[in-house]
Amino acid sequence: MNTKKIVITGGPGTGKSTLINELIKRGHICLEEISRQVTLDAKKDGVDQLFLKNPLLFSELLLKGRQKQFVDADLYGTKPVFFDRGLPDVLAYMDFIGDECPENFIKTCNNSKYHTVFILKPWEAIYTSDNERYENFDQALEIHEHLVKTYEKYNYTLIDVPFDTVENRTNFILKALNM
């Protein structure tokens, strides 16, 4: 398949999900972030923060879910598909907490390539915490650096999305893609 797979990444609270929702509103195919669902599922099982309690299990669940999204995107044929985070995000977060990445994580990232990656920088004016987001703004800055380093390690050229309104940020992405 020649599905154009496009990642929107960035640290916590940078506006990724808001952009994905705007893209959906405009009729684009988007696969939403799954980490909140993994966190909520763990809470149902009595684990308040799975990422903090068992980061490897959390990361394995994310990798598996994102890999499924990557494969399922081909079902859309030649239509572009937007992802709220990509496979390398899992490795970046593991690096952030100082965990070693298992070889199968690295292999998955090497074998599953996206066409385009947009990155959103931490933006203090819109940053908020909630029940699933435990990071503070300084940690969001650090995570951003890990994301940049990880995506570059896998030979992606990152496109920085400027601070602006949701509409203008979405227009920037679509213009960069000639859509």
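With the requirement that a residue be of a type in the set (Val, Ile, Thr), surrounded by fewer than 20 Cβ atoms within 10 Å (Cβ to Cβ) and in contact with a strand residue (DSSP E or B) (Cβ under 8 Å, 6 or more places away or on another chain), what does the range 148-172 give you? Quick ask: steps written out before the conclusion?
Restricting attention to the range 148-172, the residues satisfying the condition of being of a type in the set (Val, Ile, Thr) are 148, 150, 157, 159, 161, 165-166, 170.
Checking the rest, the ones that are also surrounded by fewer than 20 Cβ atoms within 10 Å (Cβ to Cβ) come to 148, 157, 159, 165-166.
Result: Val148, Thr157, Ile159.
Please determine whether any residue of the range 151-160 is over 25 Å from Thr39 (Cβ atoms), aliphatic (A, V, I, L, M), assigned to a strand (DSSP E or B) and in contact (Cβ under 8 Å) with a residue 40 or more places away in the chain.
yes
For the range 11-21, indicate whether the set of residues that are more than 21 Å from Thr170 (Cβ to Cβ), surrounded by fewer than 20 Cβ atoms within 10 Å (Cβ to Cβ) and not charged (D, E, K, R) is non-empty.
Step one: list which residues in the range 11-21 are more than 21 Å from Thr170 (Cβ to Cβ), which gives none.
Looking for residues that are more than 21 Å from Thr170 (Cβ to Cβ), surrounded by fewer than 20 Cβ atoms within 10 Å (Cβ to Cβ) and not charged (D, E, K, R), one finds none in the range 11-21, hence no.
How many residues are touching a His at 6+ places or on another chain (Cβ under 9 Å) and not β-branched (Val, Ile, Thr) if we restrict to the range 72-86?
The total comes to 3.
Conditions (1) of a type in the set (Asp, Glu); (2) over 22 Å from Tyr151 (Cα atoms); (3) in contact with a Phe, Trp or Tyr (Cβ under 9 Å, 6 or more places away or on another chain), marked per residue:
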| residue | (1), (2), (3) |
| --- | --- |
| Lys25 | no, yes, no |
| Glu32 | yes, no, yes |
| Leu40 | no, yes, no |
| Asn54 | no, yes, no |
| Gly77 | no, yes, no |
| Val90 | no, no, yes |
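What is the one condition in (1) in contact with a strand residue (DSSP E or B) (Cβ under 9 Å, 6 or more places away or on another chain); (2) in a helix (DSSP H, G or I); (3) over 13 Å from Lys16 (Cα atoms) that Glu145 does not satisfy?
So Glu145 meets the others, but not (1).
Out of the residues in the range 1-60 that are acidic (Asp, Glu) and assigned to a helix (DSSP H, G or I), which is modelled with the highest pLDDT?
Glu22
Just wondering, is there one or more residues in the range 67-87 that are modelled with pLDDT of 85 or more, over 16 Å from the mean Cα position of the chain (by Cα), surrounded by 13 or more Cβ atoms within 10 Å (Cβ to Cβ) and not charged (D, E, K, R)?
Scanning the range 67-87 turns up at least one residue that is modelled with pLDDT of 85 or more, over 16 Å from the mean Cα position of the chain (by Cα), surrounded by 13 or more Cβ atoms within 10 Å (Cβ to Cβ) and not charged (D, E, K, R).
Do we find that Phe51 is farther than 18 Å from Ile97 by Cβ, crowded, with 17+ Cβ neighbours inside 10 Å and touching a helix residue (DSSP H, G or I) at 6+ places or on another chain (Cβ under 9 Å) in this structure? Can you show your working first?
On the way: farther than 18 Å from Ile97 by Cβ: no; crowded, with 17+ Cβ neighbours inside 10 Å: yes; touching a helix residue (DSSP H, G or I) at 6+ places or on another chain (Cβ under 9 Å): yes.
No, not satisfied.
The values are calculated or read from the model by the stated rules, or taken from the named source; none is laboratory data. Note that the structure is predicted; figures quoted are calculated from it, not measured. Quick reminder, even Gly has a Cβ in these numbers, built from the backbone with ideal geometry, and neighbours come from all protein chains shown.
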